[in-house]
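Worksheet: the structure to be examined is printed underneath.
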2 protein chains.
Amino acid sequence: MRSVDEAIEAQLRAALPIAAFRPLTPAYLEEPRGLFHGDGGLLIAPGTVDEVSTILRACNDAHVPVVPFGGGTGLVGGQVMQNARPVILSLERMTRIRAVHPTENVLVAEAGAILADVQSAAEGAERLFPLSLASEGSCRIGGCLSTNAGGVNVLRYGTARELCLGVEAVLPDGTIHHGLKRLRKDNTGYDLRALLCGAEGTLGVITAASLRLFPRPARTGTALLCVRDPSAALELLALAQAQLGQGISAFELIKGTGLEFLAEAGMGGPQPFAETPEWSVLIDLGLGPSDDPEAALLTLFEAALEEGRVSDGVIAQSQSQRTALWKLREEIPLANKAVGAISSHDISLPLSQVPAFLTRADDALAGLGPFRVNAFGHLGDGNLHYNVFPPVGEDKSTYLSQRDAIRTAVYDLVEVYGGSFSAEHGIGRLKTGELARYGDPARLAAMRAIKRALDPYGIMNPGVIFPQA
Amino acid sequence: MRSVDEAIEAQLRAALPIAAFRPLTPAYLEEPRGLFHGDGGLLIAPGTVDEVSTILRACNDAHVPVVPFGGGTGLVGGQVMQNARPVILSLERMTRIRAVHPTENVLVAEAGAILADVQSAAEGAERLFPLSLASEGSCRIGGCLSTNAGGVNVLRYGTARELCLGVEAVLPDGTIHHGLKRLRKDNTGYDLRALLCGAEGTLGVITAASLRLFPRPARTGTALLCVRDPSAALELLALAQAQLGQGISAFELIKGTGLEFLAEAGMGGPQPFAETPEWSVLIDLGLGPSDDPEAALLTLFEAALEEGRVSDGVIAQSQSQRTALWKLREEIPLANKAVGAISSHDISLPLSQVPAFLTRADDALAGLGPFRVNAFGHLGDGNLHYNVFPPVGEDKSTYLSQRDAIRTAVYDLVEVYGGSFSAEHGIGRLKTGELARYGDPARLAAMRAIKRALDPYGIMNPGVIFPQA
């Protein structure tokens, strides 16, 4: 594998408009957690799919690595290549919403469109694009698709892959796949769309996508309900699903530790309970025009109270109260950052295994040291962010030597319970070791065969998913 | 490619229990429409995934073709190999429901489980497995997944692929992929599950799957509403979605021709309208326990009537009335069969293009001959079964020479409107020519590369998706 050199740079400059070349600022060589640092490269921001094709064809011929770059918000180092100077192919100039089809509930966006702009374009047509995550103000839809992003609305609407009807993409050899179909049903061979979604830029570059829209729920409601423990939270989920079916848009678990971190960090706004609940659940409803979400939440709360599944709760009575409740959930990651995690784990579990996992994981960590654990996240999907912190008043630096032991303890248990060591963030460069260790061997062999078949020279995002040779 | 011979048969008989060998009856060599006839083979019905692995390993080593066989109900010849005697690998003995996890909304079934049995197992746990199609009493879930089956509930719940959380599968070289995860979120590399779903048995054999269940809608309702034309049907869909959001389980278009065929064939039961409506729509709702579907349908009907989008209609007032309305829709394919189609087309279109397509397709066919067209199907998904029949009193045999011209006229127009020539039935052996003609070249090249990578000797279901060499 050859780094970008003068010859290939000259070739690319001759083949592309000058506007495609932008200064390589440090932002392209870092990722949010500071775990990976790039060693330079040639930044190119193509303006069209044909320019993307030109770049890939040239790099494929010259065996030069290409790192596709979206919003740079990924948490597993997928956007930062180390030990080589690749072409950094940024989608930042391909940001158009190409079309909105409200009657079809479809929107076609270029890969560089910011997620929040896609949401806004849907809203402008009185529709909902439900993908919603912390970085939505800066992440780009192409990155969301390439990493199969999740977020808070997966329970109801699915992951990024499931929200994607078709893609336009450039394959490693520069050929353009024109697959922007707007169809719900299209059984004409292998699902290349699904393969590219979640491939983290290792099989090509998604340049545009047709995306599913939904009717906007006419009435929304939010409640924060206190539960005894994660088991009770799951019982509450079952009760809520029996009463409200698909009306539940989000079902988020919050641990008392998270609320304490918010208070410590002065974040999240005022907290609704005098005493911090050990566990609580944030429920979001999206219902029809003739429904009453506050009444539905009250019915749920009363039934759950009677069955001993909740002990206290607040139901938002206004949009500002909704926003305030969501602010608690949304700022937990910021509070975590302020406290400083020793190790963070984006895991998922079969729903019924969540309580047993949490008990045993806490026990395992207690055997390693006096750690604090903040477990929170998308309980409706079985997706938890299980993050480990130093004791009160201590700094994570003291404990960094134990990071590997913590990770192994957590992921080994995840494996025992049939879970995933990467629920929504992906593999990137961070978790290639875990994939090799925990991945199903037959699937890994098939993945390697597919990678070799579509990218024989290994130019696409080397080091991601598969360790760099 | 070598047909099964005595040597390989002896090897397989030595390696497998005697129960795995069953007599090859004609049912394994025919498909429902009689378009493909097999030339024999060795029928093996393995009882375990290890036995499937043994078969594939032996066939891969000997370069002997393998045709995976589910319920044999597919309509594109995917289950019948011609001009060779393959191993016909039937899943009929792997029919167990391995587990039901109601609190997780997950069910794990072996590939040979009949779809109706999977539905019943879900119902037994007070859950819904929403995949529903005409052949549900005899098709097997492995076949449904391998062909990414659709049916009437895709609008709300997705296709078979979207209902599948994970698979256990045997790859062509006999390695077993243990991927029966019960996770909503699992971003750990390429989506082999999505690739195997819809690969029509050309990349391996799905032996079991973990499937998504849903809360059973507490209250259901059905209406048959008369609309002026397909445009009005789409306006009605938009209105219904605005009022009822995801509460709409099915939205089926019915053409007057279909109702006439039912009457001609003495099928479908009594028809609800004195005068056959030129177009009508069957709407099915699944709502929560506190909802009133009849009232919701009446509200919809009144609003649509006021806006001139419907002219008449019936709303089922009982379960038996619901069943009667659905019987009309469900027996249209039988009536079609009784009349005898010259050519049938399982197509999908971007929703907004459906009316224009129907007009232009009817015009194109009128230029070819005095045909009758029955267009019906899952309008909510843009999926139509566009079937062409001889004039009243004539037999299709007179017109079979025009079949190719009809097909080309229909599919060329589908292509113009950005649709698909195979919405839910797949490619099989019937549509390999159409795939080569209309498929995106870059995607076809990628598909061929993936096929070569995973099945280098081409043993898996030769002739399906790719023309037989």
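The values are calculated or read from the model by the stated rules, or taken from the named source; none is laboratory data. Just so we're clear, the structure is a prediction, and the values are computed from it rather than from any experiment. Backbone-built Cβ (ideal geometry, glycine too); neighbour counts: all protein chains shown. Remember, those area values only see protein heavy atoms, side chains included, never the ligands or the DNA or RNA. Shrake-Rupley method; radii C 1.70, N 1.55, O 1.52, S 1.80 Å.
Only one residue in A:Leu349, A:Leu358, A:Leu305 is of a type in the set (A, V, I, L, M, F, W, C), outside the structural domain of A:Ser135 (by TED's automatic domain parsing), crowded, with 22+ Cβ neighbours inside 10 Å and closer than 22 Å to A:Leu224 by Cβ, so which one is that? Outline the logic, then answer.
Values: A:Leu349 fails: closer than 22 Å to A:Leu224 by Cβ; A:Leu305 fails: crowded, with 22+ Cβ neighbours inside 10 Å.
Selected residue: A:Leu358, the only one of A:Leu349, A:Leu358, A:Leu305 that is of a type in the set (A, V, I, L, M, F, W, C), outside the structural domain of A:Ser135 (by TED's automatic domain parsing), crowded, with 22+ Cβ neighbours inside 10 Å and closer than 22 Å to A:Leu224 by Cβ.
In region B:271-384, which helices (runs of 4 or more DSSP H) lie fully inside it and hold 3 or more residues that are within 22 Å of B:Gly151 (Cα to Cα)?
Of the helices (runs of 4 or more DSSP H) lying wholly inside region B:271-384, those with at least 3 residues that are within 22 Å of B:Gly151 (Cα to Cα) span B:319-339, B:354-366.
Looking only at region A:259-275, decide whether some residue is open to solvent by less than 20 Å² (accessible area, probe 1.4 Å) and within 12 Å of chain B (Cβ to nearest Cβ).
no
Inspect region A:440-453 for any residue being within 28 Å of A:Ala84 (Cα to Cα), part of a loop (DSSP other than H, G, I, E, B) and open to solvent by less than 10 Å² (accessible area, probe 1.4 Å) and give the result as yes or no.
Our first condition is that a residue be within 28 Å of A:Ala84 (Cα to Cα); within region A:440-453, this holds for A:444-453.
In the following step, the residues that additionally are part of a loop (DSSP other than H, G, I, E, B) were identified as none.
Looking for residues that are within 28 Å of A:Ala84 (Cα to Cα), part of a loop (DSSP other than H, G, I, E, B) and open to solvent by less than 10 Å² (accessible area, probe 1.4 Å), one finds none in region A:440-453, hence no.
Out of everything in region A:441-464 that is in contact (Cβ under 8 Å) with a residue 60 or more places away in the chain and in contact with a helix residue (DSSP H, G or I) (Cβ under 7 Å, 6 or more places away or on another chain), what residue ends up being farthest from the other protein chains (Cβ to nearest Cβ)?
So the residue we want is A:Ile459.
In region B:50-89, what residues are open to solvent by 20 Å² or more (accessible area, probe 1.4 Å) and polar (S, T, N, Q)?
B:Thr54, B:Thr73, B:Gln82, B:Asn83
This table checks each residue for (1) outside the structural domain of B:Asp362 (by TED's automatic domain parsing); (2) under 26 Å from B:Thr359 (Cα atoms); (3) among the basic types (Lys, Arg); (4) modelled with pLDDT of 95 or more.
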{"site": "B:His425", "(1), (2), (3), (4)": "yes, yes, no, yes"}
{"site": "B:Gly428", "(1), (2), (3), (4)": "yes, no, no, yes"}
{"site": "B:Lys431", "(1), (2), (3), (4)": "yes, yes, yes, yes"}
{"site": "B:Gly439", "(1), (2), (3), (4)": "yes, yes, no, yes"}
{"site": "B:Met447", "(1), (2), (3), (4)": "yes, no, no, yes"}
{"site": "B:Asp455", "(1), (2), (3), (4)": "yes, no, no, yes"}
{"site": "B:Pro462", "(1), (2), (3), (4)": "yes, no, no, yes"}
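Can you tell me which of B:Phe69, B:Phe21, B:Phe36 is out of contact with any His (no Cβ under 6 Å at 6 or more places or on another chain) and more than 23 Å from B:Thr147 (Cα to Cα)?
Just one listed residue meets the conditions, B:Phe21.
For region B:210-230, enumerate the residues that are among the hydrophobic types (A, V, I, L, M, F, W, C) and either touching a Phe, Trp or Tyr at 6+ places or on another chain (Cβ under 8 Å) or over 16 Å from B:Gln246 (Cα atoms) (or both).
Selection gives B:Leu211, B:Leu213, B:Phe214, B:Ala223, B:Leu224, B:Leu225, B:Cys226, B:Val227.
Specify which of the listed residues (B:Tyr411, B:Tyr438) is among the hydroxyl-bearing types (Ser, Thr, Tyr), facing chain A (nearest Cβ under 9 Å) and either free of Cβ contacts under 8 Å to residues at least 24 places away in the same chain or in contact with a helix residue (DSSP H, G or I) (Cβ under 7 Å, 6 or more places away or on another chain) (or both).
Only one candidate passes the filter, namely B:Tyr438.
Matching residues to (1) surrounded by fewer than 23 Cβ atoms within 10 Å (Cβ to Cβ); (2) out of contact with any Gly (no Cβ under 9 Å at 6 or more places or on another chain):
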position: B:Asp117; (1), (2): yes, yes
position: B:Ala122; (1), (2): no, yes
position: B:Ala125; (1), (2): yes, yes
position: B:Ser135; (1), (2): yes, no
position: B:Gly143; (1), (2): no, no
position: B:Thr159; (1), (2): no, no
position: B:Cys164; (1), (2): no, yes
position: B:His177; (1), (2): no, no
position: B:Lys181; (1), (2): yes, no
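Anything in region B:387-402 that is open to solvent by less than 70 Å² (accessible area, probe 1.4 Å) and either among the polar types (S, T, N, Q) or not in a helix (DSSP H, G or I) (or both)? List them, or say none.
Correct list: B:Asn387, B:Val388, B:Phe389, B:Pro390, B:Pro391, B:Gln402.
Could you figure out which of (1) over 24 Å from the mean Cα position of the chain (by Cα); (2) open to solvent by 10 Å² or more (accessible area, probe 1.4 Å) isn't true of B:Ala240?
Status for B:Ala240: all satisfied but (2).
Check every one of the helices (runs of 4 or more DSSP H) wholly within region B:129-245 and list those with 1 or more residues that are more than 10 Å from every other protein chain (Cβ to nearest Cβ) and β-branched (Val, Ile, Thr). Spell out how you get there, then give the answer.
Details: elements: B:141-146, B:154-157, B:192-196, B:230-244.
Here the list reads B:141-146.
If you check A:Ser422 against the conditions, is it facing chain B (nearest Cβ under 7 Å) and of a type in the set (Ser, Thr, Tyr)?
yes
Name the residue, out of A:Arg93, A:Arg98, that is open to solvent by 50 Å² or more (accessible area, probe 1.4 Å) and more than 14 Å from chain B (Cβ to nearest Cβ).
Checking each option against the conditions leaves just A:Arg93.
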